[in-house]
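Below: the structure, in structure tokens.
The values are calculated or read from the model by the stated rules, or taken from the named source; none is laboratory data. None of these values were measured; they are calculated from a predicted model. Please note: Cβ atoms are built from the backbone with ideal geometry, for glycine as well, and neighbour counts cover all protein chains shown.
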Amino acid sequence: MPLPSTYPDPDCSIARALEVVGERWTLMIVRDAFFGVRRFGDFATQLGVPRAILSTRLRLLVEHGVFAHADDGEYTLTEKGLTLWPVVRSLLAWGDQHYAPAGVSRILRHDLDAGLIDGDGRCAECGLVVPVPEIRLERGPGHSGGSAPGTSRLLLEPVTR
């Protein structure tokens, strides 16, 4: 159910943004798109989200230009959707800091120099804020599957079945 659209401050940009990404599951869907999930069935499997909810959330994300839906059934982040990366990255860092007793679940590295990326998106090696296509994702020590070798992949790289 969408959030009510009557807020004390109707000009609040946070309230307007939450109309699009504030529902339960929505940011998880966006996160998985960054992690390379592109197909409806893969989102459903990865997240365990009820299919009716997933369908509604994907439709909303497409309507608002966060995702594009191709004829082949793939959902991909648009330029507008890619601008959500700092939000996802910040929530990931915040969750790691406050709710990861076993350690971080995912490590972000700059693909060009293997430098660790901090919570602000900056590479520890070169000091640059790293663009999404140059971010490599690795399993961290707190990942439920462990930090197995060979589990490194670029963000946005499509998940293969």
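At least 3 residues that are β-branched (Val, Ile, Thr) in each: list the helices (runs of 4 or more DSSP H) lying fully within the range 22-105 that qualify.
Working: elements: 26-34, 40-47, 51-63, 79-82, 85-99.
The qualifying helices (runs of 4 or more DSSP H) are 26-34, 51-63.
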Practice problem: Output the residue which, of all residues in the range 28-59 that are touching a residue at least 40 places away in the same chain (Cβ under 8 Å) and aliphatic (A, V, I, L, M), is farthest from Gly95 (Cα to Cα). | Solution: Val37
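Of Ser55, Ser105, which residue is more than 19 Å from Phe35 (Cβ to Cβ), polar (S, T, N, Q) and under 18 Å from the mean Cα position of the chain (by Cα)? Show your work before the answer.
Values: Ser105 fails: more than 19 Å from Phe35 (Cβ to Cβ).
The unique qualifying residue is Ser55.
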Exercise. Looking only at the range 123-138, decide whether some residue is buried (at least 17 other Cβ atoms within 10 Å of the Cβ), under 18 Å from Met28 (Cβ atoms) and among the basic types (Lys, Arg).
Key: no
Quiz item: If you check every pair at least six apart or on different chains, which have Cβ atoms under 9 Å apart with a residue in the range 89-100 that is farther than 20 Å from Glu134 by Cβ first and a residue that is part of a helix (DSSP H, G or I) and of a type outside the set (Lys, Arg) second?
Solution: Leu91/Leu27
Quiz item: If you check Val37 against the conditions, is it crowded, with 16+ Cβ neighbours inside 10 Å and either of a type in the set (D, E, K, R) or closer than 23 Å to Arg139 by Cβ (or both)?
Solution: yes
Quiz item: Restricting attention to the range 112-124, does a residue exist that is in a loop (DSSP other than H, G, I, E, B), more than 20 Å from Thr151 (Cα to Cα), out of contact with any Ser or Thr (no Cβ under 9 Å at 6 or more places or on another chain) and hydrophobic (A, V, I, L, M, F, W, C)?
Solution: yes
Practice problem: Quickly run through the range 125-156 and pick out the residues that are within 21 Å of Arg39 (Cα to Cα), modelled with pLDDT of 95 or more and assigned to a loop (DSSP other than H, G, I, E, B). | Solution: Leu155, Leu156
